[in-house]
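The values are calculated or read from the model by the stated rules, or taken from the named source; none is laboratory data. Small disclaimer: the values here were computed from a predicted structure and weren't measured. Counting neighbours? That spans all protein chains shown, and the Cβs are built from the backbone with ideal geometry, glycine included. Side chains included, ligands, DNA and RNA excluded: accessible areas come from the protein's heavy atoms. Shrake-Rupley method; radii C 1.70, N 1.55, O 1.52, S 1.80 Å.
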Amino acid sequence: MYNHRMLRPITLCRRTARKILIAGLLIFASTLITLTARQLNLGPDRPVPAFRSFGPKTASIQIYEYTDFACPACKAAYFQLEDMLKLYDGRILVNFKHYPLMSIHKWSLDAAAYSDCAGEQGKFKEYAALLFESQASWGRAEKKPPEFTVYAGKLKLDLPALETCVNKDETVKRIKLEMAEGDLKNVDATPTFFINGKRAVGAGQLLDAAKHFDNLLKTGGK
Amino acid sequence: MNEKIGLKQIAGTLSRLFLGGIFVYAGYLKAVSPAEEFAYAIEGYRIVPQWLALWTALALPWLELYLGLLLAAGLFTRFCAASLGLMLVGFEALLAQAWLRHLPVLSCGCFGANSSNSIGMEFSLNIALLLSAFISFRFGEAYSLDSAVDSGTAAQPGRDG
């Protein structure tokens, strides 16, 4: 009778200990799988606004570029991508994502916001080209560069609507989310490309990757 | 495990797998995405300050993932079903206050920021999930690891008193 009473709580403890052990193993395994998936970029890609996406959604070659308007290498890459879009017309998809390196480029975040708002008025590409071409003049400015509004005038954008859009929380949030997504994908330099999921950093690696585009098109991107 | 399995037990098992699977999926999607994304969705409900939204966004996806996984596996079944049920009640309260205050919630944050239904749709879906949590709580122990561990221990002579 004494043993019987003593064994019950011990049995209960054993059962609970076993369950805790199994739960611990399941939690450990699921954490490992999730962190590995995160490391391998297996998470869903945030959609890019339509005005920053060029090419058919079903293209065999899909490029995501994390870019910064004040970065000289991004300027070179931007015009290379322009050429690629012409060369592989209708067969590649290029998506631009903002990754302003704010610690070294003071006005990059503003430039990204202005370009997005120009995009909402249908002029992202034109505005982005102007920003890249003149990055040496506004990139290191001490005060807010006048170029942002000058280019808006040049492209005949609705300036009050542009300023309202730039000052909207949603505009900055969208850019910061792309930065956070870049951080999660271990983007630490610009331009960084993900070409069908494969990483390439800098215009040189983009050109290397482009050498395989014809093969990728033949194999349907695999 | 040795008891006869009835309709209720089958419903409980299916509910457990369904609810657990939904939470594993929702938690995983958010855990592999930037926490800021989910934090912005939480901020949209205008109920917690920005810093707390970020902490919540860091912790909640993992909690959903773990509780969902344990429920689907049938480990601490009643505890997990009750916890997920409580979470769902909390989500319903958040959605209801957003609806009453006419807040412009663009993404409910339920399955990450890439897709979202209307508040009304999410509210209805959560009611179905709540029902599922209740069924899992009441009848979810069949075919579970809980019952496997319990019967395994009981099967050993002399150990169960």
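Among the residues of the stretch A:45-68, is any open to solvent by less than 40 Å² (accessible area, probe 1.4 Å), within 14 Å of chain B (Cβ to nearest Cβ), more than 30 Å from A:R140 (Cα to Cα) and in a loop (DSSP other than H, G, I, E, B)?
Within the stretch A:45-68, one or more residues are open to solvent by less than 40 Å² (accessible area, probe 1.4 Å), within 14 Å of chain B (Cβ to nearest Cβ), more than 30 Å from A:R140 (Cα to Cα) and in a loop (DSSP other than H, G, I, E, B).
Being under 14 Å from A:D68 (Cα atoms), among the charged types (D, E, K, R) and assigned to a loop (DSSP other than H, G, I, E, B), is that true of even one residue in the stretch A:111-133?
Looking through the stretch A:111-133, none of the residues is under 14 Å from A:D68 (Cα atoms), among the charged types (D, E, K, R) and assigned to a loop (DSSP other than H, G, I, E, B).
Being within 14 Å of A:K123 (Cβ to Cβ) and without any contact (Cβ under 8 Å) to a residue 12 or more places away in the chain is the filter here, so list the residues in the stretch A:151-173 that pass it.
The answer is A:G153, A:K156, A:L159.
Considering only the stretch A:16-44, state which residues are of a type in the set (A, V, I, L, M), part of a helix (DSSP H, G or I) and either open to solvent by 90 Å² or more (accessible area, probe 1.4 Å) or more than 8 Å from chain B (Cβ to nearest Cβ) (or both).
Across the stretch A:16-44, the qualifying residues are A:A17, A:I20, A:L21, A:L25, A:A29, A:L32, A:I33, A:L35.
From the list B:L67, B:L130, exactly one residue is open to solvent by less than 50 Å² (accessible area, probe 1.4 Å), under 11 Å from the mean Cα position of the chain (by Cα), modelled with pLDDT of 95 or more and not small (G, A, S). Which is it?
So the residue among B:L67, B:L130 that is open to solvent by less than 50 Å² (accessible area, probe 1.4 Å), under 11 Å from the mean Cα position of the chain (by Cα), modelled with pLDDT of 95 or more and not small (G, A, S) is B:L67.
Taking A:C13 as meeting all but one of (1) within 9 Å of chain B (Cβ to nearest Cβ); (2) modelled with pLDDT under 90; (3) farther than 18 Å from A:F193 by Cβ; (4) open to solvent by 50 Å² or more (accessible area, probe 1.4 Å), write down the number of the exception.
Just one mismatch for A:C13, condition (1).
Could you go through the stretch A:92-105 and let me know if any residue there is open to solvent by less than 20 Å² (accessible area, probe 1.4 Å) and part of a helix (DSSP H, G or I).
Scanning the stretch A:92-105 turns up no residue that is open to solvent by less than 20 Å² (accessible area, probe 1.4 Å) and part of a helix (DSSP H, G or I).
Please note which helices (runs of 4 or more DSSP H) are completely contained in the stretch A:166-222 and include at least 1 residues that are on the phi < 0 side of the Ramachandran plot, touching a strand residue (DSSP E or B) at 6+ places or on another chain (Cβ under 7 Å) and within 14 Å of another protein chain (Cβ to nearest Cβ).
Per the criteria, A:169-184.
Taking B:C80 as the residue in question, decide whether it is farther than 20 Å from A:L25 by Cα and open to solvent by less than 40 Å² (accessible area, probe 1.4 Å). If you could, list the steps in order and put the result at the bottom.
Details: farther than 20 Å from A:L25 by Cα: no; open to solvent by less than 40 Å² (accessible area, probe 1.4 Å): yes.
Judged against the criteria, B:C80 is not a match.
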